[in-house]
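The values are calculated or read from the model by the stated rules, or taken from the named source; none is laboratory data. Note that the structure is predicted; figures quoted are calculated from it, not measured. Here Cβ is always computed from backbone atoms with ideal geometry, including for glycine, and neighbour counts include all displayed protein chains. The protein model used for the area step is the full one, side chains on, heavy atoms only, and it has no ligands, DNA or RNA in it. Shrake-Rupley method; radii C 1.70, N 1.55, O 1.52, S 1.80 Å.
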Amino acid sequence: MLVVAGTGTGVGKTVVTAALAALHPGRAAMLKPAQTGVVPGEDGDADTVARLVPGTAVCELERYPDPLAPATAAARAGRPGVGAAGTARAARALARDHGLVLVEGAGGLLVRLHAGGDTLADVAAELDAPLLLVARAGLGTLNDTALAAEAIAARGLRCTGTVIGRWPARPDPAARCNLADIADVSGLPLLGALPEGAAALCPRAFAAAAASALTPAAGGECGDPPPPRPRVTCGVCC
């Protein structure tokens, strides 16, 4: 069981979740407690993971049309939302048939899931499961990551490390410095950096990109510190 949290919204949690699933082919399941900003019939984060890593079981508990924090989106939809206990029950059910269950949050670590105030940190506590923190590459990420790491530690939770969710093809000085500094600032090991645009790859190319972007501690093959590699193609369909 692993809870994939972000330092904020849009940091690349879904592509990191898919990358972890790709390193455990046929064994992984992905659980999305709350999907916001997507209407019925549209693809959500769970659909993205299923497309990138065929054979991965995916489960979405709640979906709200407004692109807002889950608790706010649920209230606007007239629904109660899903809390830590309900999420944990669903995760444990998936764990009965899958070797690895990845619980992907919405937004940042402490965004409220429902009106009761539960957050993804509460989900990790309910499951007694470690967190993986997904961070941005650019300016400001050192502060965001340090704050999230401090919140995790203050709650007595475990964190396996950080992954940069979208490493740019042309990193600026801030991104390059952050790659070197993020482990020292957060006190957490840097476990990789997924290349920007990885979500557009075909499954075969995505699996290769995941292996080359994540360190052995995350199940990949990348050295430490991880030097993000160029876009990978499979040579057949892309």
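In the set Leu179, Leu120, Leu139, only one residue is in contact (Cβ under 8 Å) with a residue 12 or more places away in the chain and under 25 Å from Pro216 (Cβ atoms); that residue is Leu179. Has the stretch 191-202 got at least one residue that is among the aliphatic types (A, V, I, L, M) and more than 15 Å from Val16 (Cβ to Cβ)? Yes - at least one qualifying residue is present in the stretch 191-202.
Report whether or not Gly116 is farther than 26 Å from Ala50 by Cβ, part of a loop (DSSP other than H, G, I, E, B), among the small types (Gly, Ala, Ser) and out of contact with any Pro (no Cβ under 9 Å at 6 or more places or on another chain). The answer is no for Gly116. The residues listed here are Ala129, Ala115; of these, the one that is of a type in the set (A, V, I, L, M, F, W, C) and open to solvent by 20 Å² or more (accessible area, probe 1.4 Å) is Ala115. Within the stretch 10-17, is there a residue that is in contact with a helix residue (DSSP H, G or I) (Cβ under 7 Å, 6 or more places away or on another chain) and either polar (S, T, N, Q) or within 16 Å of Leu94 (Cβ to Cβ) (or both)? Scanning the stretch 10-17, I find at least one residue that is in contact with a helix residue (DSSP H, G or I) (Cβ under 7 Å, 6 or more places away or on another chain) and either polar (S, T, N, Q) or within 16 Å of Leu94 (Cβ to Cβ) (or both), so the answer is yes. Scanning the stretch 185-208 for residues that are assigned to a helix (DSSP H, G or I) and either touching a residue at least 24 places away in the same chain (Cβ under 8 Å) or surrounded by 24 or more Cβ atoms within 10 Å (Cβ to Cβ) (or both) yields Val185, Ser186, Ala198, Ala199, Pro203, Arg204, Ala205, Phe206, Ala207, Ala208.
State the number of residues belonging to the stretch 89-108 that are at pLDDT 95 or above, in contact with a Leu (Cβ under 8 Å, 6 or more places away or on another chain) and open to solvent by 10 Å² or more (accessible area, probe 1.4 Å). Residues meeting the conditions: 4. Is at least one residue of the stretch 211-220 among the β-branched types (Val, Ile, Thr), open to solvent by less than 20 Å² (accessible area, probe 1.4 Å), at pLDDT 95 or above and over 17 Å from Val49 (Cα atoms)? Checking the stretch 211-220: not a single residue is among the β-branched types (Val, Ile, Thr), open to solvent by less than 20 Å² (accessible area, probe 1.4 Å), at pLDDT 95 or above and over 17 Å from Val49 (Cα atoms).
Entry remark, the stretch 156-175: residues being over 20 Å from the mean Cα position of the chain (by Cα) and of a type in the set (D, E, K, R) number 2 in total.
Once the stretch 32-62 is narrowed to residues that are part of a strand (DSSP E or B) and of a type in the set (Val, Ile, Thr), the residue that is surrounded by the most Cβ atoms within 10 Å (Cβ to Cβ) is Thr36. Here Pro65 does not fit the description of being surrounded by fewer than 16 Cβ atoms within 10 Å (Cβ to Cβ), in contact (Cβ under 8 Å) with a residue 24 or more places away in the chain and in contact with a strand residue (DSSP E or B) (Cβ under 7 Å, 6 or more places away or on another chain). Exactly one residue out of Thr145, Thr162 is assigned to a helix (DSSP H, G or I) and hydroxyl-bearing (Ser, Thr, Tyr): that is Thr145. When we screen Ala29, Ala91, Ala85, Ala71 for residues that are part of a helix (DSSP H, G or I) and more than 14 Å from Thr119 (Cα to Cα), the only hit is Ala91. Return a yes/no flag: does the stretch 29-38 have any residue that is charged (D, E, K, R) and closer than 23 Å to Glu126 by Cβ. Yes, the stretch 29-38 has at least one match.
Do we find a residue being outside any helix (DSSP H, G or I) and closer than 17 Å to Gly105 by Cβ anywhere in the stretch 170-180?
no
Number of residues in the stretch 11-57 that are at positive phi and in contact (Cβ under 8 Å) with a residue 24 or more places away in the chain equals 4.
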